[in-house]
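Colleague: First the structure, which I've put down as structure tokens, then a few questions once you've had a look.
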Amino acid sequence: NYYPLSGLDVARFTVFMAPLMSVLAAVFLDAIAMDITRLADGRRVLISRAVPVAITAGMLALLVIPVQDSRRAQARLSPTLTTAPVEQAMQWLREETPESARILSVGFRNWHTWWVPERSGRPIMGGWNDEGAPDWRTIREIRHMGWFGRVNSLRLYDIMELRETDYLLIYDWEALDSPSLFEAAAGQDPFLFTRAAAWPGVTIFERREIGT
């Protein structure tokens, strides 16, 4: 199914939408100015003063909603803090895996984009750095598995194999990512995944090569 802008990922969506929203805003403000001009009934002095005031008031009114949303988001969001199990998992990846090993991390929200490569020294499969890449749809599919609570171990394996990803790092922290479902799916399929290491709240699975 195709619909307007369906081919864009989230990183480029706002880039394409900004000019469109600017045009719509210009039309909206122009309509306000025309209405004020009609109401002024030919009084030029009033028009010259009323138009800029109305435009400024309109722009300020439009800013109320995003400011309110930002305050609500600030109240809900909290910075992530590292824990001893997470640090132990990062050390294990750094010491027990080859430098070429690639990691799929789940449960970190978006912090894993820099956290895992920085602390483990290993590249990750998914993350905001993949937005805009030709294969970004596979990253989105992994996210949707967690967001909608439908984790398919066989499809997960296929995507990891396609992206040459060796390890699945699960951090039981961000509920939206459904880390418990990923752990259950990988743990119930020993022919596809092997539990390589585990700490309280953190588990690492290794993707097995079929036939080994």
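The values are calculated or read from the model by the stated rules, or taken from the named source; none is laboratory data. Everything quoted here is computed from the prediction, not taken from an experiment. Every residue, glycine as well, gets a Cβ built from its backbone with ideal geometry; the counts of neighbours run over all protein chains shown. Accessible surface areas use protein heavy atoms only, side chains included; no ligands, DNA or RNA. Shrake-Rupley method; radii C 1.70, N 1.55, O 1.52, S 1.80 Å.
Colleague: How about region 188-212: which of its residues are farther than 15 Å from D166 by Cβ, open to solvent by less than 80 Å² (accessible area, probe 1.4 Å), assigned to a loop (DSSP other than H, G, I, E, B) and in contact with a helix residue (DSSP H, G or I) (Cβ under 9 Å, 6 or more places away or on another chain)?
Modeller: D189, G201
Colleague: Suppose the filter is open to solvent by less than 40 Å² (accessible area, probe 1.4 Å), small (G, A, S) and within 20 Å of Q88 (Cβ to Cβ); does S120 pass it?
Modeller: For S120, the condition - open to solvent by less than 40 Å² (accessible area, probe 1.4 Å), small (G, A, S) and within 20 Å of Q88 (Cβ to Cβ) - is met.
Colleague: Here is a follow-up. Go through region 77-109 and give me each residue that's surrounded by 13 or more Cβ atoms within 10 Å (Cβ to Cβ) and modelled with pLDDT under 90.
Modeller: T80, F108, R109
Colleague: Could I ask something else about it? From I204, I159, I139, which residue is touching a residue at least 40 places away in the same chain (Cβ under 8 Å) and not polar (S, T, N, Q)?
Modeller: I204
Colleague: Still on this model: Can you name every residue in region 123-150 that is modelled with pLDDT of 85 or more and touching a Pro at 6+ places or on another chain (Cβ under 9 Å)?
Modeller: P123, I124, G146
Colleague: Just to be sure, is L168 among the aliphatic types (A, V, I, L, M), outside any helix (DSSP H, G or I) and under 26 Å from E87 (Cα atoms)?
Modeller: When the stated conditions are applied, L168 passes them.
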